[in-house]
Amino acid sequence: MRTRLIPSIFLLSAAALLSACGGGGGSASTSTTTTTTEGFAAKGIIQNAKVYVCRITGGAVQADANCATGTTGEDGSYSVSLSDGWTGLVVVKIMPVTGVSKMLDETTGDYVDFSVTDGLRAVVAAAGTTTHVTPFSEIAASAAIDNAAAGSIDTTAVNAANAMVQSNFGIDLSTKPVVDLKASSTDSDAMGKQIAMVQKLAQVVNASTTSGVLKDPTTNANCS
C-alpha cells in the first residue's frame, strides 16, 4: 500500500499561516577545508529549486550574492559547500526558479510549480550540520531571524528557536522529512519520527481550516 504525504497545498497554507508567528553569530574556521551542508527540502519533494547556504556574521545574514549555492535534486536532496571552511551559523534557503522548480502534490501524484515567493528556510548553529528544510524549519527560522533585532542573531537565539519548535510541536527537526516512508520501513525509530511530523502537520492544517486562528507557541497570542 502506498503511503501518502499530507497534501502539499495544505502544507503551503500551514507554513504561510505559521510564518506570521514569532518566536550566534558564528566565526570562520581558520581551515581552508570546505564545509559541506546537506539535507532534504520537502513539503512534497521540492525539485530543481535554488539552494542558498548563507553565513550569519555579526548577527546578520549575509546577502544572497555572497552565499554558496546549489540545486535540489529529483529526490529533494541538496549538498552545498562553503569553500572558506566556515563553521559558524548558517541559514539554508530553498528558493523557487520560475518555470523550473517543482513540488510533488501527493493528492494527485503530479508535480506542480514550487512558487512560494519567499521560499523555505532552516537555520542551524554550525555549518556542516545536516539541515532539512520543511515548513517546521521555516517557523524556527522566522523566530530566529525575522523577529530579531538588527545584529542580534546568535547561537543562543538559533538554538532557542529550533528547540521551541521541537518542543511545542513534538517533532525532531534533524529527522529527514517524509519523502517516502517505505525508505524508512526497516528503521522503526526514523519511521516513528517521520510519522510524528506528518501527524503534527495534519493538526496544524486542521487548526488553520477550522478555528480561523493559530496560537504563537511562545506567547500563546493569536497569529494573523
**Report entry** the range 38-111 - accessible surface per residue (Å², probe 1.4 Å)
**Finding:** 37 Å²
Query - Label-point separation in nm, Val112 to Thr69, each point 7 Å along Cα→Cβ - result: 2.7 nm
Query raised in the report: What whole number of Å gives the distance from the Cα centroid of the range 114-128 to the Cα centroid of the range 35-111?
Result: 6 Å
Requested in this report: Please report, in cubic angstrom per residue, the volume enclosed by the convex hull of the alpha-carbon atoms of the range 78-166.
Outcome: 128 Å³
Query raised in the report: Ignoring any ligand, DNA or RNA, what whole percent of the accessible area of the range 23-170 comes from carbon and sulfur when the probe is 1.4 angstrom?
Result: 48 percent
Report task. List the residues of the range 49-81 whose backbone N lies under 16 Å from a point placed 7 Å from the Cα of Ser152 along the Cα-to-Cβ direction. Result -> 58-61
Query raised in the report: Which aspartates and glutamates does Lys102 reach when only Cα atoms under 18 Å apart count, and residues fewer than 8 places away in its own chain are ignored?
Result: Glu74, Asp75, Asp110, Asp113, Asp118, Asp180
Requested in this report: Just order 65-71, 151-157 by mean Cβ neighbour count inside 10 Å, highest at the front, would you?
Outcome: 151-157, 65-71
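The values are calculated or read from the model by the stated rules, or taken from the named source; none is laboratory data. Note that this is a predicted model, so its numbers are computed, not measured. All Cβ positions, glycine included, derive from the backbone under ideal geometry; neighbour counts span all protein chains shown. Accessible surface areas use protein heavy atoms only, side chains included; no ligands, DNA or RNA. Shrake-Rupley method; radii C 1.70, N 1.55, O 1.52, S 1.80 Å.
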